[in-house]
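K.L.:
Please find one structure pasted underneath; my questions will follow.
What follows is calculated from the coordinates using simple rules that are stated; it is not laboratory data. Source: prediction; values computed, not measured. Positions of Cβ are backbone-derived with ideal geometry, glycine not excepted, and every protein chain shown enters the neighbour counts.
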């Protein structure tokens, strides 16, 4: 089967997550959230959200108790740096965890 | 009333799993820019890091329509989008041109100047990572004094960067702003304000780049903050000619003290082993510019 | 291959009086005495172009000036973008076309060269842009006069290129060009000779708006940028095909180029069909890909493109008077190259003399080279001799063309089948 079936006449793309593949594969360390320290979790209502606001990948949701989407998280560690409660730590990726 | 982080919209228009580097400052910036537009705009993007972030055919990493354009013609292409949308009765769709520092201040400046002189109705955002990062960190007209790039490999750049906001100011456009993704609410509010103004609106987004500036990707946000603390980047806006310092830069002006630029430079590999004379020259350049900004801010406040 | 009746009627007269003989019937329109540049501007106006972006350059400037007058006076409802360069002119056209507007621009020589990367982009993006190239010599040294080096240098950019021989054909071809471009999704460059046509007045029939509307319906774009369906156009495309998120195998770069070539080759059919449809609407046709003058029984064919064919027609009359069975084969479409049409047109001739107003340095005239390549697949190929003529505005006279044919005939009689290009009136 050839490419003619895509019916594109020029390079015309449609949006999807993971355009560059499973970018979680790029990580050497993963962010792990200690929810008990998270200010929003402790407050029990929307609060802080620094990790969400500064994530360059958009893999953290603006939700109380949000986890990081490790499928696409590239492991930059910005969330660890911006968290005012030290609730996130980077844990090295090992072969088992991968 | 300034927006708080909590108030920023939850909707995302930049998709995860894109091709940008880990810790890319542009990724943070693009998210909040597109939030300000509610995802309703058409983009013109030249060859740049943003092209990489946008993805490769047949997939795209953004939920907004996007037209790739040749390197020098971002502002001209955006002019074409504006004209085409008007001619086809869709003038309500805002046009967002977004180019890097080289694409804006070097190869794209002619088209930008032409479009600004025509006061074309679009928002132009220069994301300034201070060198040609997409091609491997070559010097651009926006590279700061002293920075080592692959084309200033030994001595570092010998000239300070072009003052793009001032160049745009000379065109008399209605809105100019300097912002940084390390201050997402400053960025968001400025884009929102720009959307409400007609004519050419120019935003200059100082954008830290871990690969080109040679720092740990985790420090992107801090690097932008340090840039502002040291006055290397100054947050301001010029609305219909009225200059105003904003957010952290406004506070710094009130406090009257900047952090020495050395503390910002020492954190980045691109300034490694810089001689004292160059550091002093950078500090002098910053001080003179800062003095001018503070004076203009005070003058505007009086009038 | 269509032999022009009107051309033949003017056979015994000079090119100037031939133009007079060809005076168009006004039909339901009106006949105006106008320059080629004005003809192009009127055509764009009657095609209801929605966005015009152009930058002044001699000899094209009057196209821009006329269109800005139409827009400012309200005769044409369009956005006129007064860009700061030709590079931006085509950038505006590309973007406006991408969001669904019918667009037009015009340029010449260095302006065309300055557009170069945009010319490739417009074609690769498959946008139905129409651009007039008012043919002018390339610098250095500066020269504002006519030859065809500019458009020839963009031969391989993936546009359709059509050459015009008089002002009526300029008007008609611009109108046809939009229909062709919008049918095959390839931009069209309408080429006409600077000064010789751009600044020379001739009678031109300007049809009524409603008749042009009937011939050319509004542009329905094949791609549209819209926030409701966010597409990303002309991103980085890899060498190999790639699967999209729905699992559909999409093109690699090479497959897109194959489709582009397929469109250019297929454009032959559209060019001929649109010329026929134009004839049905307006009572004029221009031969589609190629045309001929006294060529049906011609033993010797003079091959050229653009206004030079008018001098060639006079030269043919002179040669016929001497008993040489000469004829003109006019190349109207240069890209796609009219391979089959030229083979057919030259099948009875023993000699073709090609007059190029441009040069592929280090080789020969591009039309001559392409013709030779085309004839390689012909079982009845004539000998082909090339001539370089009229560079940088050097006047070309019919008698010089006739002389060149006589010289070629001598060489042919001496057993030669081709030769390096002869330079007409080069006094070195």
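K.L.:
Any idea what the relative contact order of region C:102-153 is, in percent, if you count C-alpha pairs under 8 Å spaced at least 6 apart?
P.N.:
Reported relative contact order: 42 percent.
K.L.:
Could you tell me how far the Cα centroid of region B:140-169 sits from the Cα centroid of region C:188-241, in Å?
P.N.:
The two parts, judged by their Cα centres, are 42 Å apart.
K.L.:
While we're looking at this one, here's another question. For region C:292-423, give me the percentage of DSSP beta bridges that are antiparallel, rounded to the nearest 5 percent.
P.N.:
10 percent
K.L.:
Here's a follow-up. Among C:254, C:289, B:67, what is the fewest-to-most ranking by other Cβ atoms within 10 Å?
P.N.:
C:254, B:67, C:289
K.L.:
Take every residue in peptide B:22-28, count the Cβ atoms of other chains within 10 Å of its Cβ, and give the average of those counts.
P.N.:
6
K.L.:
To the nearest 10 degrees, how steeply does helix C:253-282 sit against the main Cα axis of chain C, on a 0 to 90 scale?
P.N.:
Orientation of helix C:253-282: about 70 degrees from the principal axis.
K.L.:
Continuing with the same structure: Please tell me the relative contact order of chain B in percent, rounded to the nearest whole number, where contacts are Cα pairs under 8 Å and at least six residues apart.
P.N.:
Relative contact order here is 17 percent.
K.L.:
Hey, fewest Cβ within 10 Å first, where do B:120, B:152 land in order? Mind showing how you got there, number by number?
P.N.:
Details: B:120 25, B:152 19.
Ranking B:120, B:152 by Cβ neighbours within 10 Å, fewest first, gives B:152, B:120.
K.L.:
While we're here: Of the DSSP beta bridges with both residues in the protein assembly as shown, give the percent that are antiparallel, rounding to the nearest 5.
P.N.:
Once the DSSP bridges in the protein assembly as shown are tallied, antiparallel ones form about 35 percent.
K.L.:
Give the separation of the Cα centroids, region C:359-428 to region B:202-264, in Å.
P.N.:
That distance is 67 Å.
K.L.:
For region C:356-428, rounded, prolate or oblate, judged on the Cα gyration tensor with a ≥ b ≥ c (square roots of eigenvalues), a/c < 1.5 rounded, else prolate if a/b > b/c?
P.N.:
oblate
K.L.:
OK, next. For chain B, what does -39500 (n - 2.57) per DSSP helix run (n ≥ 4), summed and divided by total residues, give at 222 nm, in deg cm²/dmol to the nearest 500? Intermediate results must be reported in sequence, preceding the final value.
P.N.:
Values: 11 runs with 114 residues, N = 303.
After summing the helix terms and dividing by residue count, I get -11000 deg cm²/dmol.
K.L.:
Determine, for C:129, C:388, the number of other Cβ atoms within 10 Å of each Cβ, and report the residues in order from fewest to most.
P.N.:
Listing C:129, C:388 from fewest to most nearby Cβ atoms yields C:388, C:129.
K.L.:
When a/c is below 1.5 the answer is rounded, else prolate if a/b is larger than b/c, else oblate, so apply that to region C:162-218 with a ≥ b ≥ c taken from the square roots of the Cα gyration tensor eigenvalues. Walk me through the numbers on the way to the answer.
P.N.:
On the way: a/c = 3.67, a/b = 1.34, b/c = 2.74.
Oblate is the answer for region C:162-218, as a/c is 1.5 or above yet b/c matches or exceeds a/b.
K.L.:
By the gyration tensor of its Cα atoms, with a ≥ b ≥ c the square roots of the eigenvalues, what is the shape of the protein assembly as shown: rounded for a/c under 1.5, prolate for a/b over b/c, or oblate?
P.N.:
Cα axes put the protein assembly as shown in the prolate bin.
K.L.:
Using only atoms on other chains, find how many Cβ atoms lie within 10 Å of each Cβ of peptide A:73-86 and report the average.
P.N.:
Mean partner-chain Cβ count within 10 Å for A:73-86: 5.
K.L.:
Return the calculated 222 nm mean residue ellipticity for chain C, to the nearest 500 deg cm²/dmol, obtained by summing -39500 (n - 2.57) across DSSP H runs with n ≥ 4 and dividing by the residue count. Walk me through the numbers before you get to the answer.
P.N.:
Details: 15 runs with 170 residues, N = 428.
It lands at -12000 deg cm²/dmol.
K.L.:
Taking every DSSP beta bridge that has both residues in chain C, what percent is antiparallel when rounded to the nearest 5?
P.N.:
25 percent
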